[in-house]
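In what follows, a single structure is set out as structure tokens and then discussed.
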Amino acid sequence: MTHQDYKEENDALRQRVADLEKTNNELVIHNMQLSQKMDAYYDVRRRIHIYKELLARHTEFLRHADLRSDDELMAVIESRLELEKTYENPDFSIKELAEMIDTTQTRIMELFRNSPLYKSVEDYLDYLRILRSMYYLMSKREWNVAACAQEAGFSAIRSFNRKFQDAIGMSPHEFRKLLDTHPSFEEPIEEVSDY
């Protein structure tokens, strides 16, 4: 072998070493990326486990709604009704409410019997419907009063008019005229969409 042959072979070996080092570096980076992905995978698995435990606890809590204090139960009812607005269905009743919050009708009746504000579930639902109808009367000026009542969950306009009068001290028509004659009444704040 000549000196030139050794030099060429040496250069080829150096190139081979450089290629292997480059491949090694790429493999190290790839392994680091895989390691990060594995860490992320295990982190996700850990979070899933934690959320499953929280969900199980929450589900267990909901199953024992009858054991909650009146304040806790009322807070659950208020938040669910505000979120889902099921009271806008005129057929929504205590039966559906009990199913919605996973408790008994008896427990809900007991809650409202002890309530200083509402005599019954129906009174409470009417209160929510009247508030909702006021929102519609203010924000949906193109709708007539009957449409506002219906959208709020009242099935009969006469019943709506009477309950509105009792609650507000004026008829829905008078309320709307008041809005029209007093420019200080602003449009209601737009509802925030559900998260």
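Each reported figure results from applying straightforward, stated rules to the coordinates on display, with no laboratory input. On a predicted model such as this, the values are computed, not experimentally measured, just so you know. Glycine also receives a Cβ, built like all others from the backbone with ideal geometry; neighbour counts cover every protein chain displayed.
Can you give me the relative contact order of segment 1-132 as a percent, contacts being Cα pairs under 8 Å and 6 or more apart?
Dividing the mean separation by the residue count of segment 1-132 yields 18 percent.
Anything over 22 Å Cα to Cα? Flag those among LYS85/LYS140; LYS119/LYS163; LYS52/LYS95; LYS95/LYS140; LYS119/LYS140, in the order listed.
Working: LYS85/LYS140 18 Å; LYS119/LYS163 14 Å; LYS52/LYS95 29 Å; LYS95/LYS140 31 Å; LYS119/LYS140 31 Å.
Those over the limit are LYS52/LYS95; LYS95/LYS140; LYS119/LYS140.
Choose one of LEU13, ILE168, LEU81: the residue whose Cα lies farthest towards the positive end of the charge dipole of the chain (beta-carbon charges +1 Lys, Arg; -1 Asp, Glu; about the Cα centre).
ILE168
With label points built 7 Å along Cα→Cβ from the Cα atoms of ASP71 and TYR41, find their separation and express it in nm.
Taking the simple label geometry, ASP71 and TYR41 are separated by 4.8 nm.
About its Cα centre, what dipole magnitude does the chain give when the only charges are +1 on Lys and Arg Cβ and -1 on Asp and Glu Cβ, stated in debye to the nearest 20?
480 debye
Specify whether the C-alpha gyration tensor of segment 90-181 places it in the rounded, prolate or oblate class, a ≥ b ≥ c being the square roots of the eigenvalues: rounded for a/c under 1.5, otherwise prolate if a/b is larger than b/c and oblate if not.
prolate
What is the local net charge at MET1, summed over the other residues whose Cβ is closer than 12 Å to its Cβ (Lys, Arg +1; Asp, Glu -1)?
Values: positive: LYS7; negative: ASP5, GLU8, GLU9.
So the surrounding residues net to -2.
Which of (i) 22.7; (ii) 17.3; (iii) 18.6 is the computed Kirkwood radius over Cα pairs in Å for the structure on display?
Computed from the coordinates, Kirkwood radius over Cα pairs in Å corresponds to (i).
Of LEU125, LEU54, LEU27, which has the largest mean-square fluctuation in a 10 Å C-alpha GNM of the chain?
Highest fluctuation of the listed residues: LEU27.
At 222 nm, what helix-only mean residue ellipticity would the chain give, in deg cm²/dmol to the nearest 500, using -39500 (n - 2.57) for each DSSP H run of four or more?
Roughly -24500 deg cm²/dmol at 222 nm, from the helical runs in the chain.
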